[in-house]
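Novice: One structure, as structure tokens, below. Some questions next.
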Amino acid sequence: MAKSPEVKLAVFGRAGVGKSALVVRFLTRRFIWEYDPTLESTYRHQANIDDEAVTMEILDTAGQDDLQLKEGHMRWGDGFIIVYDITDRGSFEEVAPLRTLLEEVKKPKNVPLVLVGNKSDLDHIRQVSTEEGERLAAEMACAFYECSACADEGGAVAEAFHELCREVRRR
Ligand code: GDP
Ligand code: MG
């Protein structure tokens, strides 16, 4: 039997935007997950996407100030989720530079990417409008999701991860 395809996904974004919360939400809400303690913040996860078994390796990045580390993580990944926090404009402004770096590191390849505006439950202290998120995603030609790691009612978190897998598989 053919081995199920393996997809390496890395989650980027300013510290505090909710990367870890999103990854844990995705892994624990719908699926059984397994944490490999020898790989720091890397999770292995099996899912069925469009009736196809997919094995994901998910890297929850940290230590974002270290450029070499960041570039290493970018070289490792097949697909990327860039997260900002809708209540933190600064985190939104860090998206475009991250994407530029990704393009440089992955050149000449097209980079499978999904943009996520997290903490949508905090709408009352929002600093970035949904339209701004949509516009940025359109500029980057990628899918966009607003979601909440702590109140993921519509399943947008899983949808973002699954869409990224599809995007990787299309390339
Ligand atoms: P990371 O540094 O990007 O990995 O961020 P964390 O996952 O550690 O989250 C940073 C902080 O934001 C923590 O206090 C989380 O509880 C909080 N947080 C993460 N996601 C959400 C969310 O969707 N809504 C709210 N209200 N808080 C969140
Ligand atoms: Mg974290």
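Novice: What accessible area per residue, rounded to a whole number of Å², is obtained for the chain using a probe radius of 1.4 Å? Could you put the intermediate results ahead of the total?
Specialist: Numbers: 8830 Å² over 171 residues.
Per-residue value: 52 Å².
Novice: Same structure again: Any chance you could check the Cα centroid distance between the range 104-171 and the range 59-78 for me, in angstrom?
Specialist: 18 Å
Novice: Sorted by packing (mean other beta-carbon atoms within 10 Å per residue), highest first, where do 116-125, 43-52 land?
Specialist: Details: 116-125: 19.5, 43-52: 14.0.
Result, highest mean Cβ count within 10 Å first: 116-125, 43-52.
Novice: Something else about it: For a quick protection proxy, order the peptides 134-140, 87-93 by their average other-Cβ count within 10 Å, most packed first. Don't jump to the answer; show the numbers that get you there.
Specialist: Details: 134-140: 15.3, 87-93: 17.7.
Sorting 134-140, 87-93 by mean packing, highest first, produces 87-93, 134-140.
Novice: Moving on. Report ³J(HN,Hα) in whole Hz for each residue of the range 144-155, in order, from the Karplus equation J = 6.51 cos²θ - 1.76 cosθ + 1.60 where θ = phi - 60°; Gly and Pro get x.
Specialist: In residue order, the calculated couplings are 9, 9, 9, 8, 9, 5, 9, 9, 8, 6, x, x Hz.
Novice: Would you mind telling me the share, in percent, of accessible area of the range 80-155 contributed by carbon and sulfur at probe 1.4 angstrom?
Specialist: Values: 1750 of 3620 Å².
The computed percentage sits at 48.
Novice: So, one more: Straight-line reach from Lys19: which lysines have a Cα under 28 Å away, not including same-chain ones fewer than 8 places off?
Specialist: Lys8, Lys70, Lys106, Lys107, Lys109, Lys119
The values are calculated or read from the model by the stated rules, or taken from the named source; none is laboratory data. Being a predicted model, the structure only gives us computed values, none of them experimental. As a convention, Cβ positions derive from the backbone with ideal geometry for all residues, glycine included, and neighbour counts pool all protein chains shown. Remember, those area values only see protein heavy atoms, side chains included, never the ligands or the DNA or RNA. Shrake-Rupley method; radii C 1.70, N 1.55, O 1.52, S 1.80 Å.
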